[in-house]
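These notes are about the structure you will find just below.
A short reminder: the numbers here are calculations on the coordinates, not readings from a lab. No experiment lies behind these values; they were computed from the predicted model shown. Here Cβ is always computed from backbone atoms with ideal geometry, including for glycine, and neighbour counts include all displayed protein chains.
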Amino acid sequence: MTAPARALSGAAFATLLLIALMMGANHVAARIAFNHGADVATAVVFRSTVTALVIVALLAAQGVRVRFSARHKRFLPVIGLLIGVQSLCLYSAVARLPVALALLAFNTYPIWTAIWSALVYRHKPEKAMLLAMPVILFGLALALDVLGATSGLGAAGQWSRIGAGVAFALAAAGTFGLALVLTQHEAGDVDGRVRTATTMGMAALVALATVSVQGGFHLPDAAAGWGGLAALTFLYGTAFTIMFTVLPRLGVVGNSAIMNVEPVFALVLGWGVLGQSIAPVQVAGALVVVGAVMVLGMRKR
């Protein structure tokens, strides 16, 4: 008998934290690859292709029969396209910002999900979401030091430094939010493993098209870069494999709010591995964002 979501076992809780750690470490590894010659599209091709192949192998080993309705055939490519764009945008943010800040800006996706749900399906946002929105935005403003008070650069100087990265992170959040809404309403009945395989395959194709437009792959020019590329691919693929093989057996279905601690792990890893640090007030803002998103995820519906 599966455990209810609000009474996670110790093993389930530890597994969720492990997935969050691996996803945070994946982005730190990506930054190492970017610092040594790899580019965003190349990283997304490697990561998405390997993850898709791993999930396809799992499907084959488990004898899962794949069937798509006409609606699935229409919307799964759209969802995959959105995730491909989201992947490119998020890695572009990671390449330009401290990793934790890129992930924090991306963590605004619950707001985007509510906006898209209202625009596309005319669903009014829940009261909890309306209350959380200003809290999330306030915490993000603190974390990003939008007025440049902590950096001493002033607002104009700060935004000239972080503007492009923040724009990419918010674009990633926006496309991910739309993908979540479409998945819920148009593809929620597709097996999660099948949906992930098709999504990752489509994301790989989007990144491959980007690679061709920019004149080919940009591979790492140093051993550290190759290590980062291998690590991000391994961490991302392994996290997804655990998500679909271990979590269901532990009574956890789908994503959990606990995994939203990913930016906190990224903050620690970014400091320890990359030497990235942010001011105490920015750390406080980060905790406000993570806390608000976790509260949203754990609320009763």
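Observations on the model:
- Once the C-beta distance of His218 and Leu274 is scaled by a Förster radius of 25 Å, the resulting FRET efficiency is 0.80 to the nearest 0.05.
- Rounded D (µm²/s) - the range 10-298, Kirkwood Rh over Cα pairs, Stokes-Einstein at 25 °C, 0.890 mPa s: 126
- Over the chain, relative contact order from alpha-carbon pairs under 8 Å, at least 6 apart, %: 43
- Computed over the range 176-301: relative contact order in percent, which uses C-alpha pairs under 8 Å that are six or more apart: 20
- Projected label distance in nm at Met298 and Val135, using a 7 Å step from Cα toward the beta-carbon: 1.1
- Once the chain from Phe13 to Ala257 is taken as fully extended at 0.36 nm per residue, the excess over their C-alpha distance is 86.8 nm.
- Residue exposure sequence - Trp159, Trp116 - by fewest surrounding Cβ within 10 Å: Trp159, Trp116
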